[in-house]
Amino acid sequence: MRQVVLDTETTGLEPAKGHRVIEIGLVEIVHRRRTGAHFHRYLNPDRDSDPGALQKHGLTTEFLSDKPRFSDVADPFLAFVEGAELIIHNAAFDLGFLDHELRQLGKEPLTGLCPKVTDTLAMARELHPGKRNTLDALCERYGVDNSRRTFHGALLDAELLGDVYLAMTRGQETLLVDSAPMSGEAARQTLHRSGKPLAVRYATLEEIDNHLQLLEKIDEASKGRCLWKRTAS
């Protein structure tokens, strides 16, 4: 399964008022692992950023003046995302801007190229109702290091969002992801290497209680898909 985490920076909040995309960052995830493949471009919007937007991203008109325009990068951008599930925080915002840019070039919207769009903001609101669900808040909640994020930057934010998304969707399967399976014969040799009977140690009531509490957390994180919890009950 191929997924692409997407983030943009823009000159303002509304493409209908002439605001443009000035930075695109894409990060590839395959089978729940970041591959290292990415796409990153700064873009010349042929206009100034609003003061509020400039304060967030720090990309000045002078810095962007010699960068390519969206029309120059549209084809490699579309080639990178084609066929992938898009992972976006507040998807309506980024898709609104990108689809507007694509329409100016006579190209179809992203949903015509990508089979699925997952909005991590909607996911976070469902998992953590009533709490702050900004990218910074989610990084703190899931233990993702965002210390480099002094400004909003599309590539860095896509990398952080990728880590947050993997943490948000981590269920009991990740507890075994790094465990290499052992053959039956190797397991028997390991268990009986000493030649002595194996001692059976039963869990205490406190250990059982701790185990059940852990299953509750896994069940909440996996949205009710914890098979161990159902087995235990």
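The values are calculated or read from the model by the stated rules, or taken from the named source; none is laboratory data. Note that this is a predicted model, so its numbers are computed, not measured. For neighbour counting, all protein chains shown are included, and Cβ atoms are generated from backbone atoms with ideal geometry for every residue, glycine included.
Points to keep in mind about this one:
- Pairs meeting the criteria (first residue in segment 1-14 and touching a residue at least 12 places away in the same chain (Cβ under 8 Å) and part of a strand (DSSP E or B), second residue polar (S, T, N, Q) and buried (at least 24 other Cβ atoms within 10 Å of the Cβ), beta carbons under 8 Å, at least 6 apart or on different chains) are lacking.
- Those helices (runs of 4 or more DSSP H) of segment 151-233 in which at least 2 residues are modelled with pLDDT under 65 and either in the same structural domain as ARG33 (by TED's automatic domain parsing) or polar (S, T, N, Q) (or both), considering only elements entirely within it, cover 184-191.
- If you go through segment 203-225 and keep only what is free of Cβ contacts under 8 Å to residues at least 24 places away in the same chain and basic (Lys, Arg), you end up with just LYS217.
- Residue in segment 124-133 that is in the same structural domain as ALA74 (by TED's automatic domain parsing), of a type in the set (A, V, I, L, M, F, W, C) and part of a helix (DSSP H, G or I) present: yes
- Residue that is surrounded by the fewest Cβ atoms within 10 Å (Cβ to Cβ) [pool: residues in segment 75-121 that are over 29 Å from ARG132 (Cβ atoms) and in contact with a Gly (Cβ under 8 Å, 6 or more places away or on another chain)]: PRO115
- Given (1) under 18 Å from the mean Cα position of the chain (by Cα); (2) exposed (fewer than 14 other Cβ atoms within 10 Å of the Cβ), number of the condition PHE39 does not satisfy: (2)
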